[in-house]
Amino acid sequence: MPLSCPIPHCYPEDGECQQGCRPFRECPNLQQSAVTDEGSVLASEEELDGRRVSWTGSVLGRTDLEPLMARSRVLLLGLVGMENAGKTTFLALLYSLLRSGQAIPGYRFAGSTTLAGWELIAGFLTFRDGYNQITFPPHTSRNAGRVPGLLHLALRDDAGQLVDVIFTDAPGEWFNEWRSNAQAAGAVGAAWTYEHGDGFLLFADCEELAGPGLQRGAARTNIQMMADRLVAKLGKRPLGLVWAKSDVANVRPTVREKLQRYIEEKQPLRYREFAVSVKQDEAVRWHQQVLEAVAWLLDTLRTEAGERQPAVVPAVTNDLFLLRRSVLA
Amino acid sequence: MSKAHRLLIIGGPNAGKTHYVGQLYHRLVTGRSSYRMVTAPADLTVIQAVIDKLASGLAGEHTQSGLNEEISFVVAKNQTTTELVFPDYAGEQVRALMSGRLVSSRWQALISQSTEWLLLIRPDELPVIEDITTRGLAYVEDLKQRRKNTKKEDQSLEAELTAPAFWVELLQMMLYVKRTSALSPVEEPRLTVALSCWDTLGLATTGIEPAAELRQRLPLLAAFLEATWAPGAWRVCGLSSLGQSLDPTTPDEDFVDEGPEAAGYVVLPSGEHTPDLTHLIAF
């Protein structure tokens, strides 16, 4: 029998009460309906012994951000680009690099509440049993919701301070609609990303930009329109331009140069370019530039006039009254 | 003044938890250790089978899933007493714990009451992760040929975590249950990561630092530990409870002659070997 609860952000189908009722079945707010809505999840009949941790490992939604926001200032990095431009592959590559022991310069990996989500996208770039062929992560569905799938990384900087970073993994169609109409119904998620993002990476697909005339021209216009939207209310927020699929031969260098100049003329305050690819090249260091792009965004966000802000000395005490955040975490 | 510690011994499937506790018991009762037994376990059922097997030069059996016994004994060194708690569960239970992100009330009690954790990881059974960061795309061409022979269902995606993510997630969950803040480096619980079955790794007998092995085999976990625990509050050791592999059916005659209390060693963080298995208890 499907369960429902009138309290916002209470999800009884998870088998737990947001207000802490135990046993959960006796919660006075719990409503059972005989009608099975399509897509509703049936709660298990068994009362759960024990408690769940506050994360599921899968990508986060908007309400899931609250426990993180309670412990530190969360930095939201928006990945912006057309469909198939390489946004998800960038994230998959980032995680694969961390997993194989490489680090974001200046930041150490200190955990994640979305490990299963990272593993899922990185799984596409992983050979299982040395047999299957790797594929690029498939298209991120636009039906995923109004808020993009959010992937979390906890990092500790060299000064020992904890930084929570959220990456948005949003479908390209959102940005496609957003670039032509910022108020379009299908662009709500893109607008959300732009409003709340602390920094952005704009993806330029090198394969498209080196393609045949029609494709090449359209790709360039699309990226330029997206850059226009991004720069409009950018302010001090950093913007990185990522040349994705950089291994593709640059047969039409003029297109890239024009695009480069176009964005530079918009004069974004904090702007840098990165070239990335899943292929590795020791000279150009495409893999390292993935890590450097993230480090640059974080460094830029956390510094004023090129200097890192002084570290806040963490409160070390066992007194629960003084250590409020420790109780929440 | 005496100080009480509670050590929780945990490990994944096949990590050799029961062998270690059986051997630890042998060391304590024969007095071949820096710790002495204060209170012997009232009920030895959990490890009795392993003790008997080892005495006959045989390998112990795999713990049955569903068994929920606990064994605890109190040991002391100088003025420090430590209660060792060893929940004897099949390693699969740890996997089940992870899949639901659900911590049972029994595990909650064990985790929140402990002040030190001993985590056993068996490195020789870790699958090697091959992805584009380790193999490169050129490898894809070789695979295309092989792929033609693979069945469709073999290519399905599993949401199961790979080994490095699994251990990070387990420790994150345990810290959460223990209500430890992630904002400052963790001082308590103190953590010992023991790489078990050290003898199967084929390493030189001395001078190999276990921390370097961990960094090489599970870099993500090593990075997580370095960023999460305070420098003096965690360490990596190596462990070979038996010093060799035993067969479950054919007894090893030399092992029987020497007695199980003479077998096994701990690799200290410095790379030095010591036969005193109680070195893993505290530091």
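General remarks:
- q = 0.14, 0.16, 0.24 Å⁻¹, segment B:190-247: log10 I(q)/I(0) [Debye, one scatterer per Cα]: -0.42, -0.53, -0.99
- Long-range amide H partners of B:Cys237 with built H, under 5 Å: B:Val193, B:Ala194, B:Leu195
- Debye intensity ratio I(q)/I(0), log10, segment A:168-302, q values 0.23 Å⁻¹ (C-alpha model): -1.55
- Pairwise FRET efficiency - A:Gln19 versus B:Asp43, Cβ, R0 = 41 Å, nearest 0.05: 0.50
- On the basis of the beta-carbon distance and an R0 of 56 Å, B:Thr81 and A:Arg252 show a calculated FRET efficiency of 0.15.
- Which listed pairs, of A:Lys87/A:Lys279; A:Lys233/A:Lys279; A:Lys87/A:Lys266; A:Lys236/A:Lys279; A:Lys87/A:Lys236, have C-alpha distances above 26 Å, in listed order: A:Lys233/A:Lys279; A:Lys236/A:Lys279
- Mean partner shielding of peptide A:52-58, defined as the number of other chain Cβ atoms within 10 Å of each residue Cβ, is 5.
- Between the C-alpha center of segment B:240-275 and that of segment A:255-300 there is a gap of 55 Å.
- Phi-based couplings in Hz for segment B:262-270 (Karplus 6.51, -1.76, 1.60; Gly and Pro marked x): 8, 9, x, 7, 10, 9, 6, x, 6
- As a rough guide to protection, the peptides B:223-231, B:209-217 ranked by mean Cβ packing within 10 Å, highest first, stand as B:223-231, B:209-217.
- Residue by residue along A:157-163, Cβ atoms of other protein chains within 10 Å of the local Cβ number 2 on average.
- Ranking A:Asn181, A:Leu201, A:Leu269 by how far each Cα lies toward the positive end of the dipole of segment A:176-278 (charges on Cβ) leaves A:Leu269 at the top.
- Most to least packed among B:254-261, A:251-258 [average Cβ atoms within 10 Å]: B:254-261, A:251-258
- Shielding by partners for peptide B:101-109, expressed as the average number of C-beta atoms from other protein chains within 10 Å of each residue's C-beta, is 4.
Bear in mind that the values in this text are calculations on the coordinates, not laboratory data. In this text the structure is predicted, and so the values were computed from the model without any measurement. Virtual Cβ from ideal backbone geometry, glycine too; neighbours counted across all protein chains shown.
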